[in-house]
Amino acid sequence: MQLRPWLEAIATIATALNRPVSLPEVLDLVSETAARLLGYDFCAVLLVDEQNDSLVITGTYGLSSSYIQQVNADHPVMLDPDDELQAPSSKAFLSGTSVQVTDILADAAFLPWGGVARQQGYRSLISVPVVSSGVTVGTLNCYKRVPHEFGADERDLLSLLADQAGVAIETTRLRAQAAATIADLRT
């Protein structure tokens, strides 16, 4: 791994956080950064919904709008700890550890999600927890079109980018709180 591209990428994300950009824009940047630096075909940041019962694709790179809509509306990533058939993202979110599927075609447990995966065109994926203020709030998912074993170094680097997503989420939350406080003070 070359250090310079990583330092530049983290600086780009930090610079974006210093501007008033939307959370989806920053999460798109995190997704794009992961894809470009590690050679993934698609990436996404999924965040827990308001009811805390599913994950919603919020930031993406390379994923089709039809895939995003299918996952968010038709095949939501449910967060039921008692469900025996959990999506990799659910497992990563609930366990707080990375979960990977080396080849979706060879993993029978992935069968319920295989249809949308084949439509999008990926064969392997990794899901890394995103933590904000000590609480897991989502996952960073990265996908490859070919079977792939995600090594320890990759997992560590993805955790670094997931941490950046967590900082983005906290920064956005704090900005919203500050704006609400200012609005209250003005009235």
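Any read-out appearing in this document is the output of simple, stated calculations on the displayed coordinates, not a laboratory observation. Note that the coordinates shown come from a computational prediction; the quantities given were computed from them, not determined experimentally.
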From Cα pairs below 8 angstrom and at least 6 apart in sequence, can you work out the relative contact order of segment 77-187, rounded to a whole percent? 22
What does segment 134-187 give for Rg and for Dmax, in Å, if only its C-alpha atoms count? 17.3, 57
In whole angstrom, how far apart do the alpha carbon centroids of segment 80-113 and segment 116-187 sit? 17
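Summing -39500 (n - 2.57) over the DSSP H runs of n ≥ 4 in the chain and dividing by its residue number, what mean residue ellipticity at 222 nm do you reach, to the nearest 500 deg cm²/dmol? Display every interim value, and only then the final one.
Details: 6 runs with 86 residues, N = 187.
That calculation yields -15000 deg cm²/dmol at 222 nm.
Of all the Cα-Cα pairs you can form in segment 1-77, what percent are over 18 Å apart?
Values: 1387 of 2926 pairs.
More than 18 Å apart: 47 percent of the Cα pairs in segment 1-77.
Taking Cα pairs under 8 Å and at least six residues apart, what relative contact order does the chain come out at, in percent?
Once normalised by length, the contact order is 21 percent.
Starting from the Kirkwood Rh over alpha-carbon pairs, what translational D in µm² s⁻¹ does the chain have by Stokes-Einstein at 20 °C and 1.002 mPa s?
Values: Rh = 16.9 Å.
Once the numbers are plugged in, D ends up at 127 µm²/s.
Using the Kirkwood formula on the Cα atoms of segment 94-137, what hydrodynamic radius do you get, in angstrom to one decimal?
Working: mean 1/r = 0.0850 Å⁻¹.
The answer is 11.8 Å.
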Placed amide H near V131: partners under 5 Å, 5+ positions off or other chain: V137, G166
Which far-off residues, 5 or more places away or on another chain, put their amide H under 5 Å from the one on R123, with H placed in the peptide plane? K144, R145, V146
